[in-house]
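Encoded as structure tokens, the structure appears first; notes follow it.
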Amino acid sequence: MCGLAGELRFDGQLPALADLARITGQMINRGPDAAGIWASGPVALGHRRLKIMDLAEASGQPMVDPELGLSLVFNGAIYNYPALRGELEGLGYRFFSEGDTEVVLKAYHAWGEQMLERFNGMFALAIWERDSQRLFLARDRLGIKPLYLSDTPQRLRFASSLPALLRGGEVDTSINPVALNHYLSFHSVVPAPLTLLNGVKKLPPGHWLRIDAQGRREQHCWWTLHYGAHADERDLRFEDWQQQVLDSLRAAVKRRNLAAVDVGVLLSGGVDSSLLVALLDEAGARHLQTFSIGFADVNGEAGNEFRYSDLIAEHYGTTHHQLMIPEQEILDHLPDALAAMSEPMVSHDCIAFYLLSREVSRHCKVVQSGQGADEIFAGYHWYPTVAEAADPLASYQQAFMDQDFAGYRDMVQPAWVQQDHAGEFIREHFARPGAAAGLDQALRLDTTVMLVDDPVKRVDNMTMAWGLEARVPFLDYQLVELAARIPGRFKLPGDGKYVLKEAARQLLPAAVIDRPKGYFPVPGLKYLQGSTLEWVRDSLTGSRAQARGLFNPRYIDTLLQNPMDHITPLRGSRLWQLAVLELWLDAQGL
């Protein structure tokens, strides 16, 4: 787990090493343990290292193998690397280190881009081919690890975070109107390759890009998610699917316990994170540390779920850490959390993950987290409605989109109004082959787009702000592919995730499984009041916001008169959504 960066020139000039040093230096929190820069001809690679798999200096990056003519920077973890190493040794490859980085390097020499299909893990990587003068970039199937690109006619730069690219300079930081429409309509989700800035793109999940020193390039989607049972699975009983889910999750959790450092669990008290604790305990993990966070109650809404997390911690005898955050501390640290975002994110639990990661990083370097279960096993409230609707697309849009295009036109100033880009994107995605039922179309969109650019990005950004590696077993690609094959009738009952919950009964107390569905509540941000509201007001009416000219002043005035009258279908504050964008731009100095 690290931060990578690089530059490839197309104009015959040498890479700007001082710029690359600033880009790499900005990611010190992603990799506080070591740093390196390597350059040759038109290319330069930079790296910040967080030591997890192999603590020895031999696994340092950039990693160069002169014999193979390859150089690599890599961010992530390949959980099946021991088996791949054995296979490569059988092919005659010799190794000088013990971690997964060198396995990636030699796998590319052996199998080229086909190596990606062999990897089980999370990764973003860049490999320079000395002899062909080509750069190979790739991102994991579900986009768990980020990869941002800044492309001009003269050069390509890339990095693990958008703010890092900004530190290198020469980036077009004007707002992309298409991305703005997505952000304000699709619950802050801006799908790849877009970002809110015209001069920065992101490599889509499950894609690779190969580009040479003349700027010629080839991009390919190497993984897609298909829905529906295989022919030999169509007669499987519910109990068969249930056991397959438990076995697959058991393997995923065990794989992600692979590290040279201690592994903990972010424990919310819900079924998903509780299952991780149970399966780690079953796998023989000892002295397991678990971590939970809570906030002050507001308007009668509880700000913590300690009742359930305490139950699991006691049941499995974990070393449990409870973190209770007062409202003033939320406000004090919101600027830091916003600055840690590679892109603006409106979910209230960003600050929760930021402060929880601070606490966790004091005790361990790796945590397992339950992100992804709701998206792959249909755990959200809109899935039954979509499944039953005569028009699943319209049902999904009504449940998930923050507003329709008419609402968007009212919100922004006329210069930013083009067309319903977000609505068109959702319609196009639903129409793609590979998912016939409306429920499956919604699940595919949420798993491959929304999940990537909301929950997964949130966890990566907030944990890496403290040099903490988060692993997400529910996004093991084998488990995700299995879940996509399970019929919807086995997912929807019991408020969703039915097949997962029934499998969990073999391990968890019924009180955790049958509890009402919870969220990661931060009531102080949902119900904007007091000093938090004043901070938001200043961000939206100050001179910087006025100079940017994004939002209709009359619309802002209406929101500020009574914020609670303006809540999105997903129970978020419209006022907070707009403020986050302005505050994020301020944090990046834009």
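Does at least one position in segment 205-219 carry a residue that is over 30 Å from Y108 (Cα atoms) and at pLDDT 95 or above? Within segment 205-219 (the criterion being over 30 Å from Y108 (Cα atoms) and at pLDDT 95 or above), the answer is no, since none of the residues qualifies. Look at segment 79-99: where a residue is basic (K, R) and a partner is modelled with pLDDT of 95 or more, sitting 6+ places away or on another chain with Cβ atoms under 7 Å, you get R85/F95; R85/V103.
For segment 417-434, filtered to residues that are open to solvent by less than 10 Å² (accessible area, probe 1.4 Å) and in contact (Cβ under 8 Å) with a residue 40 or more places away in the chain, the residue that is nearest to I175 (Cα to Cα) is A422.
If we scan segment 514-522, do we find a residue that is acidic (D, E) and either open to solvent by less than 20 Å² (accessible area, probe 1.4 Å) or modelled with pLDDT of 95 or more (or both)? There is no residue in segment 514-522 that is acidic (D, E) and either open to solvent by less than 20 Å² (accessible area, probe 1.4 Å) or modelled with pLDDT of 95 or more (or both).
The lone criterion from (1) without any contact (Cβ under 8 Å) to a residue 60 or more places away in the chain; (2) under 17 Å from F158 (Cβ atoms); (3) surrounded by fewer than 24 Cβ atoms within 10 Å (Cβ to Cβ) left unmet by I28 is number (2). Within segment 31-45, which residues are surrounded by fewer than 19 Cβ atoms within 10 Å (Cβ to Cβ), over 23 Å from G12 (Cα atoms) and not aliphatic (A, V, I, L, M)? The answer is P32, D33, G36. Taken together, the residues in segment 167-205 that are closer than 22 Å to G549 by Cα and either of a type in the set (G, A, S) or out of contact with any Gly (no Cβ under 8 Å at 6 or more places or on another chain) (or both) amount to 23. Consider segment 348-390 and keep the residues that are small (G, A, S) and open to solvent by 20 Å² or more (accessible area, probe 1.4 Å). The one that is farthest from the chain's Cα centre (by Cα) is A390.
When you check W111 against the structure, is it hydrophobic (A, V, I, L, M, F, W, C) and open to solvent by 10 Å² or more (accessible area, probe 1.4 Å), yes or no?
Considered against the rule, which asks whether it is hydrophobic (A, V, I, L, M, F, W, C) and open to solvent by 10 Å² or more (accessible area, probe 1.4 Å), W111 comes out as yes.
Any chance segment 470-486 includes a residue that's modelled with pLDDT under 95 and among the polar types (S, T, N, Q)? Within segment 470-486, none of the residues are modelled with pLDDT under 95 and among the polar types (S, T, N, Q).
Against the test of being charged (D, E, K, R), closer than 30 Å to A213 by Cα and either buried (at least 18 other Cβ atoms within 10 Å of the Cβ) or more than 24 Å from the chain's Cα centre (by Cα) (or both), the options R48, R85 yield a single qualifying residue, R48. Going by the conditions given, is E233 of a type outside the set (A, V, I, L, M, F, W, C) and open to solvent by less than 60 Å² (accessible area, probe 1.4 Å)? When the stated conditions are applied, E233 passes them.
Tallying residues that are open to solvent by less than 20 Å² (accessible area, probe 1.4 Å), assigned to a strand (DSSP E or B), modelled with pLDDT of 95 or more and of a type outside the set (G, A, S) within segment 1-25 yields 3. Of all the numbered requirements in (1) touching a residue at least 60 places away in the same chain (Cβ under 8 Å); (2) closer than 28 Å to R427 by Cα; (3) in contact with a Pro (Cβ under 8 Å, 6 or more places away or on another chain); (4) buried (at least 24 other Cβ atoms within 10 Å of the Cβ), K202 misses one, and that requirement is (1). Looking only at residues in segment 173-189 that are in contact (Cβ under 8 Å) with a residue 40 or more places away in the chain and within 16 Å of E582 (Cβ to Cβ), the one that is most open to solvent (accessible area, probe 1.4 Å) is T173. Restricting segment 395-416 to residues that are assigned to a loop (DSSP other than H, G, I, E, B) and open to solvent by 40 Å² or more (accessible area, probe 1.4 Å) leaves a set whose member that is nearest to F551 (Cα to Cα) is Q413. Checking segment 126-149 against the condition returns a match, with at least one residue being at pLDDT 95 or above, under 23 Å from D453 (Cβ atoms), in contact with a His (Cβ under 8 Å, 6 or more places away or on another chain) and open to solvent by 10 Å² or more (accessible area, probe 1.4 Å). Filtering segment 439-460 for residues that are of a type in the set (D, E, K, R), modelled with pLDDT of 95 or more and either more than 23 Å from the chain's Cα centre (by Cα) or part of a loop (DSSP other than H, G, I, E, B) (or both) leaves an empty set.
To keep it simple, each residue is scored yes or no on (1) over 19 Å from the mean Cα position of the chain (by Cα); (2) among the charged types (D, E, K, R).
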position	(1), (2)
G112	yes, no
G121	no, no
I127	yes, no
L135	yes, no
R139	no, yes
G143	no, no
T152	yes, no
R157	yes, yes
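Quick check, is Y93 modelled with pLDDT of 95 or more, assigned to a helix (DSSP H, G or I) and at negative phi? Here the answer is no, as Y93 does not meet what is asked.
For segment 330-344, does any single residue satisfy the condition of being more than 25 Å from the chain's Cα centre (by Cα) and surrounded by fewer than 23 Cβ atoms within 10 Å (Cβ to Cβ)? Scanning segment 330-344, I find no residue that is more than 25 Å from the chain's Cα centre (by Cα) and surrounded by fewer than 23 Cβ atoms within 10 Å (Cβ to Cβ), so the answer is no. For T224, the conditions (1) surrounded by fewer than 16 Cβ atoms within 10 Å (Cβ to Cβ); (2) among the polar types (S, T, N, Q); (3) farther than 30 Å from P433 by Cβ are fulfilled apart from (3). Within segment 400-453, which residues are in contact with a His (Cβ under 7 Å, 6 or more places away or on another chain) and more than 16 Å from H187 (Cβ to Cβ)? Within segment 400-453, G434 is the sole residue that qualifies. Being among the acidic types (D, E), open to solvent by 10 Å² or more (accessible area, probe 1.4 Å) and farther than 29 Å from P191 by Cα is a property that E327 has.
Being among the hydrophobic types (A, V, I, L, M, F, W, C) and free of Cβ contacts under 8 Å to residues at least 60 places away in the same chain holds for only one residue in L482, L445, L439, L451, and it is L445.
The values are calculated or read from the model by the stated rules, or taken from the named source; none is laboratory data. Keep in mind the model is a prediction, meaning the values are calculated, not measured. As a convention, Cβ positions derive from the backbone with ideal geometry for all residues, glycine included, and neighbour counts pool all protein chains shown. Note: areas computed on protein heavy atoms with side chains; ligands, DNA, RNA excluded. Shrake-Rupley method; radii C 1.70, N 1.55, O 1.52, S 1.80 Å.
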